[in-house]
Amino acid sequence: RMLREAAIRDGLTNLYNRRFFAARLRAEIAAARGAGTSLGVIMIDIDHFKRINDLWGHAAGDEVLQRVADTLIAYVRPDDL
């Protein structure tokens, strides 16, 4: 179980990685179509993130990513991805 989690989550933020998201999205779309229900997808982008790394270094960029991830986790419902 620990290996599976390590393979599907980002080590810095503990959010699901892109590979997991892509596979799960296909499954969720198929399930929504089969059930005749809708599916919502929200994607975010951190504006000017490269500038943070360039000006303050990668440690500061990592801190920003961790804080954004913590905020997302705090406001997402348990059944959401």
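Inspection of the stretch 32-39 finds a residue satisfying the criterion of being surrounded by fewer than 10 Cβ atoms within 10 Å (Cβ to Cβ), free of Cβ contacts under 8 Å to residues at least 24 places away in the same chain, out of contact with any Phe, Trp or Tyr (no Cβ under 9 Å at 6 or more places or on another chain) and among the hydroxyl-bearing types (Ser, Thr, Tyr). Only residues that are open to solvent by less than 60 Å² (accessible area, probe 1.4 Å) and either within 12 Å of the chain's Cα centre (by Cα) or among the aromatic types (Phe, Trp, Tyr) (or both) were counted in the stretch 13-24, giving 5. Scanning the stretch 45-81 for residues that are within 18 Å of residue 15 (Cα to Cα) and outside any helix (DSSP H, G or I) yields 45, 46, 76, 77, 78, 79, 80, 81.
Cβ-Cβ distances below 8 Å connect the following pairs, each with a first residue in the stretch 1-28 that is under 22 Å from residue 64 (Cα atoms), a second residue that is exposed (fewer than 13 other Cβ atoms within 10 Å of the Cβ) and not hydroxyl-bearing (Ser, Thr, Tyr), and a separation of six or more residues or different chains: 8/19; 14/73; 15/73; 16/81; 21/81. Considering the stretch 1-32 alone, what residues qualify as being assigned to a helix (DSSP H, G or I), under 26 Å from residue 59 (Cα atoms) and in contact with a strand residue (DSSP E or B) (Cβ under 9 Å, 6 or more places away or on another chain)? Residues satisfying the conditions are 8, 20.
If you go through the stretch 45-81 and keep only what is of a type in the set (A, V, I, L, M, F, W, C), surrounded by 13 or more Cβ atoms within 10 Å (Cβ to Cβ) and within 30 Å of residue 27 (Cβ to Cβ), you end up with 49, 65, 68, 69, 72.
For (1) among the hydroxyl-bearing types (Ser, Thr, Tyr); (2) touching a Ser or Thr at 6+ places or on another chain (Cβ under 8 Å); (3) closer than 18 Å to residue 18 by Cβ, each residue gets a yes or a no:
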residue: 32; (1), (2), (3): no, yes, no
residue: 44; (1), (2), (3): no, no, yes
residue: 64; (1), (2), (3): no, no, no
residue: 76; (1), (2), (3): no, no, yes
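The values are calculated or read from the model by the stated rules, or taken from the named source; none is laboratory data. Just so it is clear, the model here is predicted, and its values are computed rather than measured. Using ideal geometry, Cβ is built from the backbone for each residue, glycine included, and neighbour counts are taken over all protein chains shown. Just so you know, the surface numbers come from the protein's heavy atoms only, side chains and all, with ligands and any DNA or RNA stripped out. Shrake-Rupley method; radii C 1.70, N 1.55, O 1.52, S 1.80 Å.
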